[in-house]
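*Asks:* Could you have a look at this structure, given as structure tokens, before my questions?
The values are calculated or read from the model by the stated rules, or taken from the named source; none is laboratory data. Predicted, not measured: the structure shown is a model, and the values here were computed from it. Here the Cβ positions follow ideal geometry from the backbone for every residue, glycine too, while neighbour counts run over all protein chains shown.
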């Protein structure tokens, strides 16, 4: 029995490890392409290990379009919207987890059912709304909505986390005359570091990676995010400079990937908490 | 697939709560007020705090969801170019879409083909990988991270990367086909017959999203079930059909619904990689909506399309839910 299990494990590894290499290969290919000269890139057969290495794609790619500026723009949007999303979602999540009200089940069902709405139904009226108040070609449509609860997912994440805190923690504070807002700020918030970390990472990545909203709301080149700049890169160039394109893509992807690596345990805990 | 990764997790919970809410029933406020003795002062104060605290979300819900849905329904019945006020055309947009717009059926067909092929393929592969990982292979944590990694990538970067991989003549996929199988690879993204397989292949790179959820589901199957099955002399296949599949059927339902909704809404990759071409062979539904709304400024027509999409997604979800009572089993667990 035990030996059979061991054989199964070896067979599984024989499938999973090559599979993992297949998954990783595109990342490797992106890296090597960014380190090659364009003449090495278009030759056949392709070089599996580039030789010689050419680092010039990075400075060239980053200066062909003002990507430094785009990185700054994207970071600015991501930080400001994450701040709002995490603050408001934690407050709303706390109310759903710890406060009682006759209307709670109704609002909670409403909150969760909004997750199913296709974004395209909201897209046009939201655009018309933001246009009518002069927000087109500003970052406001990309930032301000986050301050109204972030997303149903984030609220749910916080609700699940706060619901898991033992009631005694709050009882003692209530005795001391702590109000409901105080319970959130002084008792629940300091205990919820893992939930705050997970929510921050989720929303930051979402905002950093977002393409559709900047595409619709941002018109002028100087206000572009990296996603917009990258998407417009190849069309601005005669023939596609794949090495530069891969260099910039890699830099853009590196931010969410690094965050994912560092916050992995928090993220998985966040998911486990949310799935309880 | 569309949307940020967390949605995968959100939906699993969302569906649980939806089922729970359906079981409990949304309480009728009038009835519950009659049933309950007069609320104490502190209870009323708590209820007030509750409403104040959810106010940010409530305002957002009314302004950024409820109003847009109603407005979208109204726009769909008008001709509207944003500059001049909407002009009422009744069901004209819908009639035009269904009877005269040649690209409407085309984009619907493209989107359905993609959904019907990519989603089952993704789920099957994700389940196989999750089951293999669940055998406690050494290095399971690292493998899980590797498989999950592509879902963290920005979709624009993913699109650029795959355009490079799919490139004809110097693309690595065609090169691998030539070396390994001695086949001349297709011009993936510029051949109307191969652009859909290319998108489906690319979607499989993101298999880790569904896999992680399957893995969590598999890890929560009580080991006693397998022990009992083994005592009865059940073979591996019988165990899979009788124990594993029923135990994780709720997770299959979640992944199926999330996958379907995501696949129906694919946009960024298609917009960046093909713009819907060649010959509209990758003209996904959301691309059609975007073009009508923000390229041709036919906001009314685009709203009608968005409503068609909403109804399709709703009907698909309801159909899957309706059949789910036959194949989804909820244990007495947590």
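*Asks:* Tell me the residue from B:245, B:215, B:253, B:189 that is within 21 Å of residue A:240 (Cβ to Cβ) and in a helix (DSSP H, G or I), please.
*Replies:* B:189
*Asks:* Let me ask something else about it. Whether any residue in segment B:75-88 is more than 8 Å from chain A (Cβ to nearest Cβ), surrounded by fewer than 15 Cβ atoms within 10 Å (Cβ to Cβ), at negative phi and under 24 Å from the mean Cα position of the chain (by Cα) is what I want to check.
*Replies:* No, the conditions are met nowhere in segment B:75-88.
*Asks:* In segment A:16-42, which residue that is at the interface with another protein chain (Cβ under 7 Å from one of its Cβ atoms) and modelled with pLDDT under 90 is nearest to residue A:57 (Cα to Cα)?
*Replies:* For segment A:16-42, the residue satisfying everything is A:33.
*Asks:* In addition: Residue check: is residue B:328 surrounded by fewer than 16 Cβ atoms within 10 Å (Cβ to Cβ) and in contact (Cβ under 8 Å) with a residue 40 or more places away in the chain?
*Replies:* Considered against the rule, which asks whether it is surrounded by fewer than 16 Cβ atoms within 10 Å (Cβ to Cβ) and in contact (Cβ under 8 Å) with a residue 40 or more places away in the chain, residue B:328 comes out as no.
*Asks:* Is there a residue being under 17 Å from residue B:61 (Cβ atoms), in the same structural domain as residue A:200 (by TED's automatic domain parsing) and touching a residue at least 12 places away in the same chain (Cβ under 8 Å) anywhere in segment A:71-86?
*Replies:* yes
*Asks:* Among residues belonging to segment A:79-112 that are under 23 Å from residue A:141 (Cα atoms) and out of contact with any helix residue (DSSP H, G or I) (no Cβ under 6 Å at 6 or more places or on another chain), point out the one that is nearest to the other protein chains (Cβ to nearest Cβ).
*Replies:* Checked segment A:79-112; the qualifying residue nearest to the other protein chains (Cβ to nearest Cβ) is A:87.
*Asks:* Could you pull out the residue among B:275, B:305 that is within 14 Å of chain A (Cβ to nearest Cβ) and farther than 26 Å from residue B:209 by Cβ?
*Replies:* Selected residue: B:305, the only one of B:275, B:305 that is within 14 Å of chain A (Cβ to nearest Cβ) and farther than 26 Å from residue B:209 by Cβ.
*Asks:* Could you say which residue among A:247, A:213, A:172 is within 30 Å of residue B:50 (Cα to Cα) and in the same structural domain as residue A:154 (by TED's automatic domain parsing)?
*Replies:* Residue meeting the stated conditions: A:172.
*Asks:* Oh, and also: Does any residue of segment B:192-201 turn out to be within 12 Å of chain A (Cβ to nearest Cβ), over 18 Å from residue B:258 (Cα atoms) and outside any loop (DSSP other than H, G, I, E, B)?
*Replies:* Scanning segment B:192-201, I find at least one residue that is within 12 Å of chain A (Cβ to nearest Cβ), over 18 Å from residue B:258 (Cα atoms) and outside any loop (DSSP other than H, G, I, E, B), so the answer is yes.
*Asks:* Show me the helices (runs of 4 or more DSSP H) found entirely inside segment A:189-266 where at least 1 residues are surrounded by fewer than 18 Cβ atoms within 10 Å (Cβ to Cβ) and more than 8 Å from chain B (Cβ to nearest Cβ).
*Replies:* Qualifying helices (runs of 4 or more DSSP H): A:193-209, A:226-236.
*Asks:* Could I ask something else about it? What is the residue count in segment B:134-173 for residues that are more than 7 Å from chain A (Cβ to nearest Cβ), assigned to a helix (DSSP H, G or I) and closer than 22 Å to residue A:233 by Cα?
*Replies:* The qualifying residues number 5.
*Asks:* I want to confirm something. Restricting to segment A:43-63 and keeping residues that are within 14 Å of another protein chain (Cβ to nearest Cβ) and in a helix (DSSP H, G or I), which single residue is farthest from residue B:53 (Cα to Cα)?
*Replies:* In this case the residue turns out to be A:57.
*Asks:* Can you find, within segment B:218-242, the residue that is farthest from residue B:150 (Cα to Cα) among those that are outside any helix (DSSP H, G or I) and touching a residue at least 40 places away in the same chain (Cβ under 8 Å)?
*Replies:* B:222
*Asks:* Another question about this same structure. Taking residue B:113 and the conditions (1) in a helix (DSSP H, G or I); (2) within 24 Å of residue A:128 (Cα to Cα), which numbered condition does it fall short on, given that it satisfies the others?
*Replies:* (2)
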